Amino acid sequence: MTQARIIDFPGSSIRLECDAEELGEDHIGVAKLALAGIFQFSQELCVPLAMEVETSYWDNEFDLPLASPSRRQEFGMLRCGDLPERLTVDPVGRNASVTTVQEINGPVALDFVKSLLTEDPSDAADLGVGWQEISFSTTMARLPDGFLPEGEDSVNLEVARGHVVHPVKTIDGAPWIYGPIGASVVHAPFEYRIHRDQGEVALDITTYWSLWAPGGPGRPDVDRAVEGLLAEGWQQS
């Protein structure tokens, strides 16, 4: 019996925005604001297992990335060292440096962004450096209360025209699923993307599992998390 299904790309998405220029924040301040939104949304719902950052030379006057030249240290990945079985974690950015940590939380993520923005000996001396995008494409999500029958240790997941028996990881008595897990399930249960555009910051929250899409048993948890961000000043677009 199908218990859940994978939603075709682009999944079910929510976009939230904030005006970072109005707050007068620098690159680190904007990253702190955006990451705080990610980890506030994730509380008791989702755990990021890997994070990628794209940096660029930056035009600080117009708050825009420069198309060229590119930094040698353009991409970086932060990932957890202890990962669930079958989980796939591959950097998207070319020649990305990979840093392994025990846990990815707000302070750890922010320190990683700071490290990538630190001037590298190969950087052009007359150009500023900023971050363009922060993405989380490997995550673990807690299944909705009462969803998994007692004694079950997997979810029967409909993928395209087939089915996958997706493993469940129990943490402190609660069942969690995770992704991606290779060619069969190519998306994480939740994926986050933070990107910048001339003083504005956009946060895209996407789920590919029907459990958290509109009408799914986990959707009320998503809606409550979004309401928390709206209360902090984010705007839904």
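Annotations
- Every residue from segment 103-118 that is open to solvent by 30 Å² or more (accessible area, probe 1.4 Å), assigned to a loop (DSSP other than H, G, I, E, B) and touching a strand residue (DSSP E or B) at 6+ places or on another chain (Cβ under 7 Å): 103
- Pair list, Cβ < 7 Å and 6+ apart or interchain, from segment 78-102 residues that are over 12 Å from residue 178 (Cβ atoms) to residues that are open to solvent by 100 Å² or more (accessible area, probe 1.4 Å) and modelled with pLDDT of 90 or more: 81/102
- Filtering segment 188-203 to residues that are buried (at least 22 other Cβ atoms within 10 Å of the Cβ) and assigned to a loop (DSSP other than H, G, I, E, B) leaves 188, 189.
- Some residue of segment 90-102 being in contact with a Lys or Arg (Cβ under 6 Å, 6 or more places away or on another chain), more than 29 Å from residue 212 (Cβ to Cβ), polar (S, T, N, Q) and not in a strand (DSSP E or B): no
- Filtering segment 121-136 to residues that are open to solvent by less than 50 Å² (accessible area, probe 1.4 Å) and part of a strand (DSSP E or B) leaves 128, 129, 130, 131, 133, 134, 135, 136.
- Test for residue 141: is it in a helix (DSSP H, G or I), within 22 Å of residue 82 (Cβ to Cβ) and in contact (Cβ under 8 Å) with a residue 40 or more places away in the chain: no
Every residue, every condition in (1) farther than 23 Å from residue 157 by Cβ; (2) part of a strand (DSSP E or B); (3) open to solvent by 10 Å² or more (accessible area, probe 1.4 Å), yes or no:
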site	(1), (2), (3)
15	yes, yes, yes
36	yes, no, yes
54	yes, yes, yes
67	yes, no, yes
76	yes, yes, no
84	no, no, yes
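- Single unsatisfied condition, residue 49 versus (1) over 21 Å from residue 181 (Cβ atoms); (2) outside any loop (DSSP other than H, G, I, E, B): (1)
- Residue 25 fulfils the conditions (1) among the charged types (D, E, K, R); (2) touching a residue at least 60 places away in the same chain (Cβ under 8 Å); (3) surrounded by 13 or more Cβ atoms within 10 Å (Cβ to Cβ); (4) not in a helix (DSSP H, G or I) except for a single criterion, (2).
The values are calculated or read from the model by the stated rules, or taken from the named source; none is laboratory data. These numbers were taken from a predicted model, which means no experiment stands behind them. Cβ sites come from the backbone with ideal geometry, for glycine too, and all protein chains shown count toward neighbours. Accessible surface areas use protein heavy atoms only, side chains included; no ligands, DNA or RNA. Shrake-Rupley method; radii C 1.70, N 1.55, O 1.52, S 1.80 Å.
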